[in-house]
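Below: the structure, in structure tokens.
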Amino acid sequence: MDADSEAGASFGVGGFRLSLPTDHRLPQLRALVPTYDAHCGWIIAAIAAADPAGTFIDIGANIGDTAAMLRQHAANPIVCVEGNAAFCGHLRRNLAQLPGRVEMIAAFVAVPEIAAFGLGYRPDSGSGVFEHGAEPAAAAMIGLADLVARGPVALLKTDTDGLDAFILRDALDHALTDAVLFFECDEAHTIAPAGSVAWNSNFATLRARGYALIVYDNHGLPMLFAAPDRFDAVEDLRFYLRRQYAAAAVRIHYLDIWAFPPSRRAVFERLRADRDALFF
């Protein structure tokens, strides 16, 4: 049975009814933590207002839950990239109901570390991860350069459970000066020591280039609004996450981070000023 004909369940996200595999964890996670993966609307709307024509690139699109939220709050073109065959059929069906320009690419984003460290892909319920010892990824690969060459980018999101540090590094190398970056910072599940080196370099680059950050915990709650002069607080949060894993007392598993380049500093300042009124 191929992914397109695979039976599944459905779940409401962003005003749309999405198809998903029966073992997908999104409904259970939302039931336990209603704010999980549901905090984005006010940020998306602000980004779209500043750049209504720029493309939203969704790397690690899964079954299209992020795309549904993007479309609920913005009319921008959306490009969804997903290589997990278990999700692709559901993603294709879900994107078909979204109005406006939406494109799906059935592929993983290629980074040099996949070959250099012999990483394979292990699917999981509702997710998947690149790691040592897993089977080689069966899906096609696409380079980030091919994605960003399609036109101006308003938002680049990456949530790949293990490769985000390297995809973010490559995005910064492409100097997307007007694109807001939205990435999962999960240092505990990024291959070591290359992952630590990449994350350290990424945050140093973001700081040096004058990015401002909005940091959420993995439950969808805001932790910090960090202008470039407050990056020390971000380093303190990263230290806290590392110590949790070292002490086997994990309460916050990763950070979700929105990074605003200097050209979008006004968007960040408006969100920071209105945070109490806009969050829920």
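Descriptive notes on the structure:
- Selection status of Gly89, out of contact with any His (no Cβ under 6 Å at 6 or more places or on another chain) and farther than 16 Å from Val180 by Cβ: yes
- Selection count, segment 141-177, where residues are among the charged types (D, E, K, R), farther than 21 Å from Trp199 by Cβ and either out of contact with any Asp or Glu (no Cβ under 9 Å at 6 or more places or on another chain) or crowded, with 24+ Cβ neighbours inside 10 Å (or both): 1
- Residues (among the small types (Gly, Ala, Ser) and either surrounded by 13 or more Cβ atoms within 10 Å (Cβ to Cβ) or touching a residue at least 60 places away in the same chain (Cβ under 8 Å) (or both)) located in segment 229-280: Ala233, Ala259, Ser263, Ala266
- So Ala226, is it surrounded by fewer than 20 Cβ atoms within 10 Å (Cβ to Cβ) and within 25 Å of Ala266 (Cα to Cα): no
- Filtered by the rule that a residue be over 14 Å from Ile59 (Cβ atoms) and not in a helix (DSSP H, G or I), segment 163-179 gives Ala175, Thr177, Asp178.
- Of all residues in segment 122-136 being under 18 Å from the mean Cα position of the chain (by Cα) and part of a strand (DSSP E or B), the one that is surrounded by the fewest Cβ atoms within 10 Å (Cβ to Cβ): Asp124
- Tally, over segment 174-185, of residues that are within 20 Å of Ile114 (Cβ to Cβ) and modelled with pLDDT under 95: 1
Listed here are the residues, each with its yes/no results for (1) part of a helix (DSSP H, G or I); (2) touching a Cys at 6+ places or on another chain (Cβ under 7 Å); (3) under 16 Å from Val111 (Cβ atoms); (4) among the aromatic types (Phe, Trp, Tyr).
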residue	(1), (2), (3), (4)
Asp146	yes, no, yes, no
Arg150	no, no, no, no
Asp161	no, no, yes, no
Glu184	no, no, yes, no
Ile191	no, no, yes, no
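- Test: residue in segment 209-226 that is out of contact with any Ser or Thr (no Cβ under 6 Å at 6 or more places or on another chain) and assigned to a helix (DSSP H, G or I): no
- Boolean, Asp229 is within 23 Å of Asp178 (Cβ to Cβ) and modelled with pLDDT under 95: yes
The values are calculated or read from the model by the stated rules, or taken from the named source; none is laboratory data. Predicted model only: the values in this text are computed from it and were never measured. Methodologically, a virtual Cβ is constructed for each residue, glycine included, from the backbone with ideal geometry; neighbour enumeration extends over all protein chains shown.
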